[in-house]
Structure formats: structure tokens, C-alpha cells
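Report on one structure; see the data block that follows.
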Amino acid sequence: MYSTIVIGAGQAGLSAAYHLAKRGVDFLVLDANPEPGGAWQNRWDSLTLGATHHIHPLPDFPLRDQDSSRPASAVVKEYYGEYERRYDLPVRHSATVTSVQRVDGHFEVHADQLYTARTVINATGTWTNPFWPVYPGHFDGLQVHTNGFISPAQFDGKRVLVVGAGASATQFIVQLREAGIDTLWSTRRAPDWREFTGAEWGLEVERAVNERTRAGLPPKSVVGTTGLLLNEKMRAGIASGALVSRGKIARLESDAVVFTDGSREHIDAILWATGFRHAHRHLRELKLHTAAGGIVMAEDGVSTTMPGIFFVGYGASASTLGATRAGRKAALAATKYLVNAT
């Protein structure tokens, strides 16, 4: 019987683990990945450290003097691995959690074996649960989701439709165009370009996300809350026509796409940059979700419907900055819960 089991060894999970260890809590981290790095280890090599928005450091271990041209996947894998070793965190890799049940006041966690715990901190993120939208018709060509993207070479000689209004979609288009690959862009709504300035903007985004989670609504996509960063590279893409959306898809054909304005374009491949949903399937037996599909929780990640379970990397803590802070809050809340329940 562990005091706490943390599910997921990404940024939020490792932050929670650090603060649990600091407070002497008996805990274990279960992670589905075979090695350290969380979801970052699955990112494509062309996503360099310099091209990421920002990798926020883990507690008490700055990420210094990194080569911005190196793949972010390699940098973060090394960084997380060193963090696990430096603080001797009890992380068990290749331990995929398939279900969590509430039994006689504690939790049974089913993974590579059965574990029991008084509390659970869920830090599973979204990477393993890609969202594939459905449109009328059928396309016979190559289809790749964000988590299956490796490099522009996958699309050599093809005309590619990129679908999605998020940052990954715009980054993919820029990369593909630089590799000489012809692209089209489809979004359901007009792209929401913004210039991000000041701390107040970040606080406003966090406030908006927290309002949804408190109401039991599923979090919006990142871009649905933040908009798209309008920098010089994106301005150039807009000016060239590469980053001008053709609008919403009306239907797909075997080798073409038809947009709602009636125009039809031949395509050879589709790159679905349509985002992810939170990977909570292993929690379905706890019946935590509201009718609207969200999980009601307080700002410190505490579930308001089931005592003893805490969420990090969900809602406002889905960003790298928010994940580190959320890990600390959840660890403190779990420690307080354990003390009060004694």
C-alpha cells in the first residue's frame, strides 16, 4: 500500500514526484514509456529546442546552456532521465496503467501488476489520445496525425492538406514549404493570430481555463484559449499565402478535398494537426466525468467529486509552465490529505 501513486512521468508527474519525495511521502511513479522523457521523446527530430515555445525547468534543476539546434526530444529525454537519477525518484517505466478503481477507501491501480495506494496523482497528459475528426466522404491517400509525424521526407513529392488551427499546423506548413512540398491549409474557423505580451495575458488565459474546469466543462484546445503566436516567420508565411486558410472541409474524395466554398483541390496526403484529448480512459471506472465531458476540480488539482485523486497536466496546467506548478500543488494537496486522513 503506497501513500501515493503518480501516473505519468512527464513534466507534471516528475514535479509532483520531487515534492512528494521532499516531504517524505511513500510513493511510486508509473509511466507507460520505456524510457524517460514523457511525451517529448516521441516528438519529431525537426522540432528543435529553439523551435519549441519553451521548456520550463523542473524544480531545483535548471535547464542551462542547451544547443538550440538539437532535437527537443533528445534534450528532454536526457534532462528528465538525469532528473530521475539525481533525485532518486522511484519511477517504473513500461508500466502502462489500464484502469484505476476505488476499493474500500483506497485505490487499486492496474498496470504491469496490481498496485494499491491511498491517493493517486494523475499526470497522463494527452499525447496517447490523438483526435481524428470525421468528415463526409473517403480519402485513399496517406494520412498522418501529429503524433505520427517524423519529418517532411514522409511527404516528398506529395501535395499535402494540413488540417488544424493550432501552432503545430502552422509549424508543419512552414517546414513542408521549406522542404519544397506544396501545401494547403484547412481550419474550421479563421486563424486567431495574436501578439503575446505581458504577464497579464498569461493570467487571463489561466483564468479562462480554470473557469471551464470548475464548471465541469472539458478544456478547450490550447489555441482555442491562447490564439496563434504572430511572429516574423508567421507573418512571412501569411504574406506568401502559405498560412492562409482555405476554410472548412465539406467532404473528402479519394484523391481530393472539397471546401465549404465549393472549391475542389487535388491532394496526395493529409496531415491531421487536429490536437489531442486528455488520456483518461484508465479512469473511466471512477466515473469522474460530468455529462459535459469535463472533470470538476479545484485550482490545486483536487477532484471535487472523489477524495484522494488529484490531476496535473489538465486544464490550466497543460502548459509546461503550468505543469511544473501544478505538480507542486498536487503534491502538497496529497500530503495534506494523507495527514488529515490519518
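Residue under question is residue 246, and the condition is that it be surrounded by fewer than 16 Cβ atoms within 10 Å (Cβ to Cβ), in contact with a Phe, Trp or Tyr (Cβ under 7 Å, 6 or more places away or on another chain) and touching a residue at least 24 places away in the same chain (Cβ under 8 Å); does it hold?
Against the criterion (surrounded by fewer than 16 Cβ atoms within 10 Å (Cβ to Cβ), in contact with a Phe, Trp or Tyr (Cβ under 7 Å, 6 or more places away or on another chain) and touching a residue at least 24 places away in the same chain (Cβ under 8 Å)), residue 246 does not qualify.
Which condition number in (1) within 30 Å of residue 154 (Cα to Cα); (2) of a type in the set (Ser, Thr, Tyr); (3) part of a helix (DSSP H, G or I) is the one that residue 18 fails?
Answer for residue 18: the failing condition is (1).
If I ask for residues that are part of a strand (DSSP E or B), surrounded by 15 or more Cβ atoms within 10 Å (Cβ to Cβ) and not small (Gly, Ala, Ser), which ones from the stretch 266-300 would you list?
Passing the criteria: 270, 271, 272, 276, 289, 295, 297.
Could you tell me how many of the residues in the stretch 123-144 are at pLDDT 95 or above and under 15 Å from residue 29 (Cβ atoms)?
Qualifying residue count for the region: 0.
In the stretch 24-76, how many are of a type in the set (D, E, K, R) and modelled with pLDDT of 90 or more?
Counting residues in the stretch 24-76 that are of a type in the set (D, E, K, R) and modelled with pLDDT of 90 or more gives 4.
Within the set of pairs 6+ apart or on separate chains, which have a first residue in the stretch 170-183 that is at pLDDT 95 or above, a second that is outside any helix (DSSP H, G or I) and among the basic types (Lys, Arg), and C-beta atoms under 6 Å apart?
Close Cβ pairs satisfying both conditions: 182/159.
With crowded, with 16+ Cβ neighbours inside 10 Å and within 20 Å of residue 325 (Cα to Cα) as the only criterion, which of 71, 59 stands out?
Of 71, 59, the one residue that is crowded, with 16+ Cβ neighbours inside 10 Å and within 20 Å of residue 325 (Cα to Cα) is 59.
Could you count how many residues in the stretch 97-129 are in a strand (DSSP E or B), crowded, with 16+ Cβ neighbours inside 10 Å and within 23 Å of the chain's Cα centre (by Cα)?
5
Name the pairs whose Cβ atoms lie under 9 Å apart, with the first residue in the stretch 1-17 and among the polar types (S, T, N, Q), the second assigned to a loop (DSSP other than H, G, I, E, B) and surrounded by fewer than 24 Cβ atoms within 10 Å (Cβ to Cβ), and 6 or more positions between them or separate chains?
Hits for this filter: 3/25; 3/26; 4/25; 4/26; 11/55; 11/56; 11/125; 15/59.
So, in the stretch 248-265, exactly how many residues are among the basic types (Lys, Arg) and assigned to a strand (DSSP E or B)?
Residues that pass the stated criteria total 2.
With 171, 175, 143, 154 as the choices, which residue is of a type outside the set (A, V, I, L, M, F, W, C), under 20 Å from residue 42 (Cα atoms) and assigned to a strand (DSSP E or B)?
One residue alone meets the criteria, 143.
Could you please find all residues in the stretch 283-324 being of a type in the set (D, E, K, R) and modelled with pLDDT of 85 or more?
Once the filter is applied, which keeps residues that are of a type in the set (D, E, K, R) and modelled with pLDDT of 85 or more, the stretch 283-324 yields 284, 285, 287.
The values are calculated or read from the model by the stated rules, or taken from the named source; none is laboratory data. Bear in mind that the values here come from a model prediction, so they are computed numbers and not experimental data. All Cβ positions, glycine included, derive from the backbone under ideal geometry; neighbour counts span all protein chains shown.
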